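Accompanying notes for the structure given below.
The values are calculated or read from the model by the stated rules, or taken from the named source; none is laboratory data. In this text, all values refer to a predicted model and were calculated from it rather than measured experimentally. Quick reminder, even Gly has a Cβ in these numbers, built from the backbone with ideal geometry, and neighbours come from all protein chains shown. What goes into the accessible areas is simple: the full protein's heavy atoms, side chains included, and nothing from ligands, DNA or RNA. Shrake-Rupley method; radii C 1.70, N 1.55, O 1.52, S 1.80 Å.
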Amino acid sequence: MALKDAPVQIRRAATVAQISISITRALGILFTTLIIATLPTWVPGLLAYQTIPVALLVLAIGSVIVSRKGSRIREEIAERQFEKVRRSTFATAILGFIIGGIIPGLLYIYLYTRIGNVMVKQTPDDPRTVYLLPHPSEGIFLGRYLGWIGAYLLVLYIGYTQLSPGLREVSDWLSPVLGVHFNTMIIALFLVFTNPLTYPPLLYLWTFAGFLGGLIAGGKIRRGFLVGMTVYLSTLGALGLAALAIYQNVNLSTLSSLPPPPPGFSIISATSGPVAGDIIPILIQGASPTTQMVIQDVILTMIRNAGLVFAVATISGRAASLFWQGDVFILKTFWKTIKTRKPNLPQTTRTRAIPKKGILLLALAILFLIPTQHTTQPSTITQAPPGGPYQQNLAIGLDMLGAPNASLRMTNLDLSSKGLVLDNNYAGNNLSLFIINNNYSQSLGTSSGLGIPSFILGLFSQPALITFYTGDPATTRGESDNVAAQFAQALGVGFTKAFAIPSGQGTVTIYAPNPELTNNDALTRVLGLLPGSSFSTLIKPANLQTLQYLAAVGLASISLPAPLTQTPTQAFSFILNTQFARQFYKAGQHYLSLKTLFGFQTGIVGDTNSNASIVSISFQRGTVLYSPLGQVPPSNPIYDNFTSTYIYNATITPRSDFAANFTYPFAPNITIHKTVNPPSGPLGTAHNIVVMIQNFDNVTVTNLNVTDDEAPSSYQKTLQISPSGVQTGQFANFPPSQTQFLSYTATTKSSGTYVLSPAIIEFVWEAPNGTRVRYTVATDNPLISSSSGPWTQFTRTFTDLQPYSYLLLLPLLLTPIIETLKLLGRHRKRKPEPWVSAPMRPQNTPPPPPAQAGPDKPADMPSSKNP
């Protein structure tokens, strides 16, 4: 007979057994999840026989053992083997107290008492009835298959569209070099190896995906677990296939000639985001990244992250199955209530009980979806000791094309009032700079004493703090962190260590500020550190937002031009390099004004507290400066003919402006543009690239040569260019208003951002005085943005890796076949008759009357006289 027809004592005992099993299994899952979450410290602790790691292992294994014994106990209760089940329950309770924790022991002790209650209430003449446990629903037809497909596609789509900014930038940079499979690998790496406890968007994604898959699968709790596990393993399989495709198609020589990163790339964002944010701190703390302990910690951290993702997917799948069972139970109860007519019963008759089982299942499922809030306390920063005096130089330069560039340098700064001072933490420090790079493309070379090439600068599109120490990393690591704390207090922003790499005899450490800190806000904070009467008051960050500039403040040896020629000392310094657009064309009278260039309203006043305040304008050789200002003894400003530099000492005489009238044969207004149409599109789009040369001037130039290398050689496998090769054009004369074009087509074969090569023109112009001058003009690096959806990513990987990828078809094809065969088999089976352990009644014999309940026998306990 069905268990629902059993006496109330047996039903209650079976219910208590089911609750005990469920709670014990939940405890086992909890202990296992705790082991996974603490895996990097749990494994060394277990090897050292520490109490907590050993206890977690014992509790996890014990919970599994106790829950399995509980399943058999429930079956024995339904089979009415009370003597045997009572002994098993007592033994299981002891196991629960010893290796399963206190809660399973208490539950099975309570179950032991319920079984004893059943044994007390039974009589020797009770029938030997075997009760059948309820069989959970199998869910909808092909539910596991549909749940897997739906959840897997959801995970791929959300992973593609919501990829973290740092990993997205890495993918856009390297996918055109390594192929479209690199994007697939990055997405799968993000989905599988990101710690969901520290990156909430991934936690929500896997929770929803597992819940959706389990809800579609329905039925047993095991079905939800299997769907979550299959989705996780499928994502892991996509990662393996993509890595295999890259390994087969890419050689190491490709990595030796990487193109420059696209504009906006930030190494800070890439190294402080998911995956890398967990690995890099381990590499930083170790003495060497190749030591056994560091490698062990990295492997355990990756396994921990993958295990947590697996736990989230499978637990949410189980919760969905619980939710599904609760919904089905409530719907069935509701449907029966509607269909069944209620008889007119007396008021004393018991009404239908509330479906407590369905409500309990729903409550347990909802508890799985409640997020946990985590709060962190900010660390306190102590004030640093004080520092010394300064000198400043604002230098303006003009190139042959007539484009001004400006450099403000301030050395030997006293920033002690802001919390920056040269203390013992700078003993082995060679460089400590807070850098702001606003798409500045020039190198900060040896003339500044920094020696930072443009390729390195291109990695920092966000503000960053860089320190370089020589010495023992175990000692310098703490000193570098203390320096970062000083800068954090001075700038009013928090810093997080992004990564550290060995360089020569020292270590370079990169610190990342808050991601919300913009370049404009960072420059405003940096200018706030400088003396209030310095040239920094001439700089308005709002006027520089659309320009290319690089600013840095910190410990660096920055040299100054004449007349401030002196040996640079180790002190705090500030530098701001700004590139302006072209403003002068051809020969003739030109006028340069600092007030117009910078847009300041106040005058130029030298700080009396500084050693020197110098403003200079450097011209091209051959510049003729006339009508100089203020030629009174002592001459200020003065013009140095040898260096073609106009020098003004603001400490002696303040001015409202510093301007110059001069003549120089700048390049005529010949422009070159390299454009891409369309600039972005899906994978396989044909992009038309046009190089356009125009003469907007009223003079003719000669010997104009155009050269376009199209794209870096590292793109040759993923960018199809027609016609290929270097595009050239030669024009003997290029008169006014003439326009020439070079064009070709580029078809993308991978997703990402392609940084094309600049086009260059060279031409000769004869100045009015007969001087022939050769000029060179280059375009910016145009970009092609290529995108591909998750379906394209997966199908490309599947196609490129045949026949290995056919293995993925096995679950895709076998699952519906097996489910169909099972469905047909269930329909062919005959419905089994209920079996009752009682003698057969002769035919045509009326049944005996029901027995009356005695004082020692409850009314709902069957009598031995009832068949």
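Filtering 294, 309 for residues that are assigned to a helix (DSSP H, G or I), in contact (Cβ under 8 Å) with a residue 40 or more places away in the chain and more than 30 Å from residue 756 (Cα to Cα) leaves a single hit, 309. Hey, among the residues in region 650-663 that are touching a residue at least 60 places away in the same chain (Cβ under 8 Å) and open to solvent by 20 Å² or more (accessible area, probe 1.4 Å), which one's nearest to residue 406 (Cα to Cα)? My answer is 657. Looking only at residues that are among the hydrophobic types (A, V, I, L, M, F, W, C) and open to solvent by less than 10 Å² (accessible area, probe 1.4 Å) in region 765-784, which one is nearest to residue 169 (Cα to Cα)? Applying the filter and picking the extreme gives 784. Checked against (1) open to solvent by 60 Å² or more (accessible area, probe 1.4 Å); (2) within 30 Å of residue 466 (Cα to Cα); (3) out of contact with any Leu (no Cβ under 8 Å at 6 or more places or on another chain), residue 263 meets all criteria but (3). Residues satisfying the criterion are present in region 270-288 (criterion: in a loop (DSSP other than H, G, I, E, B), among the hydrophobic types (A, V, I, L, M, F, W, C) and open to solvent by 30 Å² or more (accessible area, probe 1.4 Å)). Only a single criterion out of (1) buried (at least 24 other Cβ atoms within 10 Å of the Cβ); (2) of a type in the set (Val, Ile, Thr); (3) within 19 Å of residue 753 (Cα to Cα) is not satisfied by residue 177, namely (1). When region 1-47 is limited to residues that are open to solvent by 30 Å² or more (accessible area, probe 1.4 Å), of a type in the set (A, V, I, L, M, F, W, C) and not in a helix (DSSP H, G or I), the one that is nearest to residue 65 (Cα to Cα) turns out to be 2. Residues that are of a type in the set (A, V, I, L, M) and within 51 Å of the chain's Cα centre (by Cα) within region 1-32 comprise 13, 14, 16, 17, 19, 21, 23, 26, 27, 29, 30, listed in sequence order.
So is residue 498 of a type in the set (A, V, I, L, M) and loosely packed, with under 14 Cβ neighbours inside 10 Å or not?
no
Taking residues in region 392-418 that are acidic (Asp, Glu), and partners anywhere that are open to solvent by less than 20 Å² (accessible area, probe 1.4 Å) and at pLDDT 90 or above, the pairs with Cβ atoms closer than 9 Å and at least 6 places apart or on different chains are 399/666. Note on region 501-534: among residues that are touching a Pro at 6+ places or on another chain (Cβ under 8 Å) and among the hydroxyl-bearing types (Ser, Thr, Tyr), the one that is surrounded by the most Cβ atoms within 10 Å (Cβ to Cβ) is 507.
Of all residues in region 157-168, those that are surrounded by fewer than 20 Cβ atoms within 10 Å (Cβ to Cβ) have Cβ atoms under 7 Å from Cβ atoms of residues that are hydroxyl-bearing (Ser, Thr, Tyr), 6 or more apart or on another chain, in 165/269. Could you please let me know if residue 61 is in a helix (DSSP H, G or I) and surrounded by fewer than 17 Cβ atoms within 10 Å (Cβ to Cβ)? The answer is yes for residue 61. Exactly one condition in (1) open to solvent by 10 Å² or more (accessible area, probe 1.4 Å); (2) in a helix (DSSP H, G or I); (3) within 25 Å of residue 274 (Cα to Cα); (4) at pLDDT below 90 is not met by residue 207; state its number. Going through the list (1) open to solvent by 10 Å² or more (accessible area, probe 1.4 Å); (2) in a helix (DSSP H, G or I); (3) within 25 Å of residue 274 (Cα to Cα); (4) at pLDDT below 90, residue 207 breaks only (4). So, of the residues in region 709-733 that are under 16 Å from residue 673 (Cα atoms) and in contact (Cβ under 8 Å) with a residue 24 or more places away in the chain, which turns out to be nearest to the chain's Cα centre (by Cα)? Restricting to residues being under 16 Å from residue 673 (Cα atoms) and in contact (Cβ under 8 Å) with a residue 24 or more places away in the chain, the top hit is 711. From the list 523, 491, the one residue that fits, being touching a strand residue (DSSP E or B) at 6+ places or on another chain (Cβ under 6 Å), at negative phi and at pLDDT 85 or above, is 523.
Is it the case that some residue within region 587-595 is within 30 Å of residue 699 (Cβ to Cβ), in a loop (DSSP other than H, G, I, E, B), open to solvent by less than 20 Å² (accessible area, probe 1.4 Å) and modelled with pLDDT of 90 or more? Scanning region 587-595, I find no residue that is within 30 Å of residue 699 (Cβ to Cβ), in a loop (DSSP other than H, G, I, E, B), open to solvent by less than 20 Å² (accessible area, probe 1.4 Å) and modelled with pLDDT of 90 or more, so the answer is no.
Determine if region 98-113 includes at least one residue that is farther than 14 Å from residue 19 by Cα, modelled with pLDDT of 85 or more and open to solvent by less than 60 Å² (accessible area, probe 1.4 Å). Within region 98-113, one or more residues are farther than 14 Å from residue 19 by Cα, modelled with pLDDT of 85 or more and open to solvent by less than 60 Å² (accessible area, probe 1.4 Å).
Looking across region 722-744 at every residue that is more than 19 Å from residue 774 (Cα to Cα) and in contact with a Ser or Thr (Cβ under 7 Å, 6 or more places away or on another chain), the one that is surrounded by the most Cβ atoms within 10 Å (Cβ to Cβ) is identified as 744. Of all residue pairs spaced 6 or more apart or on separate chains, those with beta-carbon atoms under 6 Å, a first member in region 4-29 that is closer than 17 Å to residue 58 by Cα and a second member that is of a type outside the set (D, E, K, R) and open to solvent by 60 Å² or more (accessible area, probe 1.4 Å) are 28/64. If the requirement is being within 26 Å of residue 315 (Cβ to Cβ) and either of a type in the set (Ser, Thr, Tyr) or in contact (Cβ under 8 Å) with a residue 12 or more places away in the chain (or both), which of these qualifies: 46, 95? Only one candidate qualifies: 95. A Cβ distance below 7 Å, combined with a sequence gap of six or more or placement on separate chains, defines the contacts here; from region 527-538, residues that are within 19 Å of residue 492 (Cα to Cα) reach residues that are β-branched (Val, Ile, Thr) and in a loop (DSSP other than H, G, I, E, B) in the pairs 527/539. Only a single criterion out of (1) at pLDDT 90 or above; (2) assigned to a loop (DSSP other than H, G, I, E, B); (3) touching a helix residue (DSSP H, G or I) at 6+ places or on another chain (Cβ under 9 Å) is not satisfied by residue 754, namely (2). For region 210-260, taking the residues that are open to solvent by less than 20 Å² (accessible area, probe 1.4 Å) and part of a loop (DSSP other than H, G, I, E, B), the one that is nearest to residue 145 (Cα to Cα) is identified as 218.
Taking region 695-721 as the range and being open to solvent by 50 Å² or more (accessible area, probe 1.4 Å) and of a type outside the set (Phe, Trp, Tyr) as the test, the residues that pass are 698, 700, 703, 705, 707, 709, 713, 716, 717, 720. Considering region 664-694, the residues that are in contact with a Lys or Arg (Cβ under 8 Å, 6 or more places away or on another chain), open to solvent by less than 30 Å² (accessible area, probe 1.4 Å) and outside any loop (DSSP other than H, G, I, E, B) include one that is farthest from residue 761 (Cα to Cα), namely 689.
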